[in-house]
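Below you'll find the structure, written out as structure tokens, and then a few comments.
What follows draws every value from the coordinates through simple rules; no lab data is involved. For clarity, every value in this text was computed on a predicted model and none was experimentally measured. Neighbour counts run over all protein chains shown; Cβ positions are idealised from the backbone, glycine included.
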Amino acid sequence: MRVFKNKKSSLELSINTIVIVVLAMTLLGLGLGFVRNMFEGVSDTTGTVQEQIKQQILDDLRRGDKKLSFPTNEITIEKGGSKVLAVGIKNTGSGELKFKLELWDSALVLPTGGIFTGGAFIWDDGVQTLAVNEANVYPIKLTAGTGTAATGTTHIVKIKAIIASGSSVGTGGDEYSSKSFFVTVT
């Protein structure tokens with residue numbers, strides 16, 4: 001028994017296949033464009049939020065007579081993730097303030113790029129200068145560790161503004177102001 005296909009039905013099948021492929025490619029292109037626009041929107045939002053936090057810290061320092069402002073008491077970060085934090089310092093003294101930021105974990109000073117069991121901090125550890133009543137915000141990047149020891153750990157970290165004498169400051173000098181916070185790696 002021989003089966004003959006109708007040429008007309010074969011042509012319709014080919015046209016239907018081409019239409020389905022064209023529609024699929026169009027929808028795929030639209031989907032990819034939508035996802036790309038969503039990611040661009042997220043990065044714009046992140047920049048806006050970081051700018052708002054910086055402004056909030058500066059406003060907090062200007063309203064009161066705080067010397068140091070850090071917006072949170074606890075930071076939760078996923079293993080392998082990173083966050084940019086901000087600390088604000090205000091000179092409440094009668095002369096120019098020269099200081100250096102230090103981060104401490106369990107009473108041990110962390111070097112720049114300070115590695116601790118839960119991850120690492122990166123910040124500018126040079127001497128900073130503020131005029132009388134001037135305030136500024138300084139970024140600190142926290143990167144969580146990727147090892148199994150990092151998961152589920154909580155650390156207490158202390159930010160210290162250490163007064164500089166001359167152009168340099170030694171570790172553990174006179175403290176201008178400080179604040180402690182918790183870092184939990186999940």
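Annotations for the structure displayed:
- The string of couplings for the range 27-38 from the Karplus curve (6.51, -1.76, 1.60, θ = phi - 60°) is 5, 4, x, 5, x, 5, x, 5, 4, 4, 5, 5 Hz, one whole number per residue in order, with x for Gly and Pro.
- Pairs spanning more than 20 Å between alpha-carbon atoms, out of Lys54/Lys83; Lys79/Lys179; Lys66/Lys141; Lys54/Lys179: Lys79/Lys179; Lys66/Lys141.
- Excluding same-chain neighbours fewer than eight residues apart, the aspartates and glutamates reachable from Lys67 by a Cα-Cα span under 17 Å are Asp59, Glu96, Glu102, Glu134, Asp174, Glu175.
- Taking Cβ atoms as reference points and 12 Å as the exclusive limit, the residues near Gly119 contribute a net charge of +1, counting Lys and Arg as +1 and Asp and Glu as -1.
- Table column - 3J(HN,Hα) (Hz), the range 154-162, Karplus curve with 6.51, -1.76, 1.60, x for Gly and Pro: 10, 10, 9, 10, 10, 8, 10, 9, 9
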